[in-house]
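S.K.: The structure that follows is given in the form of structure tokens.
The values are calculated or read from the model by the stated rules, or taken from the named source; none is laboratory data. Because the structure is predicted, anything quoted here is derived from the model rather than measured. Ideal geometry is used to build each Cβ from the backbone, glycine not excepted, and the neighbour counts take in all protein chains shown.
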Amino acid sequence: MNFKKQIIEKSKEAYQIYVPHLSIDTVIFGFNESELKVLLLKMNYNKQWFLPGGYVGKSESLNAAAQRILQNRAGVENIFLEEFGVFGELNRNESFFEDFDDDLWHKQRFISIGYYALVDYKNVEPKHDALSEACEWIDLTQLPDILLTMDHRMIIEKALLALREKMAYKPIGYNLLPEKFTLPELQKLYEVILGKELNRGNFYRKIKNTGILQKLDERKKGGAHKSPDLYSFHIENYNMLLKEGLSSW
């Protein structure tokens, strides 16, 4: 079956099981080798890249649908997930399927709910489906060089902005870093999200004052210089500040 026929068959199924005119797009962020990455799929139909997304089942909540999409695409569950925006410009998806008949499910006008997820890069197993040829981590710095479909570039930009705003009053890192990490690694995470360098002394002082870190009795192996100390997150304090917000940041 060619790609166009596959889309038509998927359209027939969608009318039976999903809520009309409502979709979900997920921006899945990961951090590896000092780079912030986003998970993208490449569609067979026209070779454009797009965000992992899908539709809401008729007996499914929005959050449950977003969790299902994340599990299907990235093999992860019970992770940090937050709604950040609604996208509903005219012809945001209709023109993408202009080669199809107007009764195609995917060609109808859809209002999309945007969610962003923070995941540990090493715990993710990207999965592509029958309509896509690849599912890969793409560095944010590479985004200007790839062809993103519909309004997905804007959705990624909005998700990054929402993440930056969150950092002003909530801790970040638990879902993006490995269990054990160094202060330079944590600082680099903040810098790549914010898009600017931070003063090391000020950052270390402020992050330690939040109480979300606990120093481990071990150092990072390797390196030409003195190996840096390893830290982990103090989960109780971290979760408390997720609820109450930061007062001394």
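Condition check ((1) without any contact (Cβ under 8 Å) to a residue 40 or more places away in the chain; (2) under 27 Å from GLU9 (Cβ atoms); (3) surrounded by fewer than 19 Cβ atoms within 10 Å (Cβ to Cβ)) across all residues:
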| site | (1), (2), (3) |
| --- | --- |
| PHE87 | no, yes, no |
| LEU104 | no, yes, yes |
| LYS122 | no, no, yes |
| SER132 | no, yes, no |
| PRO144 | yes, no, yes |
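S.K.: Look at LEU194 and say whether it is free of Cβ contacts under 8 Å to residues at least 40 places away in the same chain and outside the structural domain of LEU143 (by TED's automatic domain parsing). If you could, list the steps in order and put the result at the bottom.
M.R.: Numbers: free of Cβ contacts under 8 Å to residues at least 40 places away in the same chain: yes; outside the structural domain of LEU143 (by TED's automatic domain parsing): yes.
Answer is yes for this residue.
S.K.: Is it true that some residue in region 42-54 is outside the structural domain of GLU197 (by TED's automatic domain parsing), touching a Phe, Trp or Tyr at 6+ places or on another chain (Cβ under 7 Å) and within 26 Å of ASN123 (Cβ to Cβ)? Walk me through how you get there before you give the answer.
M.R.: First pass over region 42-54, keeping only residues outside the structural domain of GLU197 (by TED's automatic domain parsing): 42-54.
Still in the running and touching a Phe, Trp or Tyr at 6+ places or on another chain (Cβ under 7 Å): 42-45.
Then drop every residue that is not within 26 Å of ASN123 (Cβ to Cβ), which leaves 42-43.
Taking every residue of region 42-54 in turn, at least one turns out to be outside the structural domain of GLU197 (by TED's automatic domain parsing), touching a Phe, Trp or Tyr at 6+ places or on another chain (Cβ under 7 Å) and within 26 Å of ASN123 (Cβ to Cβ).
S.K.: Looking at (1) of a type in the set (Lys, Arg); (2) in a strand (DSSP E or B); (3) assigned by TED's automatic domain parsing to the domain that holds ARG109, which is the one condition that is false for LYS215?
M.R.: (3)
S.K.: A further question on this structure: Mind listing just one residue for me: the one in region 218-241 that is without any contact (Cβ under 8 Å) to a residue 12 or more places away in the chain and either in a strand (DSSP E or B) or at positive phi (or both) and, of those, surrounded by the fewest Cβ atoms within 10 Å (Cβ to Cβ)?
M.R.: GLY222
S.K.: Might you let me know whether region 150-161 holds any residue that is at pLDDT below 95 and assigned to a loop (DSSP other than H, G, I, E, B)?
M.R.: Scanning region 150-161, I find at least one residue that is at pLDDT below 95 and assigned to a loop (DSSP other than H, G, I, E, B), so the answer is yes.
S.K.: Go through (1) in contact with a helix residue (DSSP H, G or I) (Cβ under 7 Å, 6 or more places away or on another chain); (2) farther than 30 Å from ILE207 by Cβ and name the single condition SER132 misses.
M.R.: With (1) in contact with a helix residue (DSSP H, G or I) (Cβ under 7 Å, 6 or more places away or on another chain); (2) farther than 30 Å from ILE207 by Cβ applied to SER132, the lone miss is (1).
S.K.: Could you check, for region 180-189, whether at least one of its residues is assigned to a helix (DSSP H, G or I), surrounded by 13 or more Cβ atoms within 10 Å (Cβ to Cβ) and β-branched (Val, Ile, Thr)?
M.R.: no
S.K.: Pull out all pairs, ordered by first then second residue, where Cβ-Cβ is under 7 Å, the residues are six or more apart or on different chains, the first lies in region 50-64 and is in a loop (DSSP other than H, G, I, E, B), and the second is surrounded by fewer than 19 Cβ atoms within 10 Å (Cβ to Cβ) and β-branched (Val, Ile, Thr).
M.R.: What qualifies is LYS58/ILE17; LYS58/VAL19.
S.K.: Working only within region 51-65, note down all residues that are crowded, with 20+ Cβ neighbours inside 10 Å and closer than 17 Å to CYS135 by Cβ.
M.R.: Hits for region 51-65 are LEU51, PRO52, GLY53.
S.K.: Out of all the residues in region 85-107, is one or more closer than 29 Å to LEU177 by Cβ and either in contact with a strand residue (DSSP E or B) (Cβ under 6 Å, 6 or more places away or on another chain) or among the aliphatic types (A, V, I, L, M) (or both)?
M.R.: Yes, region 85-107 has at least one match.
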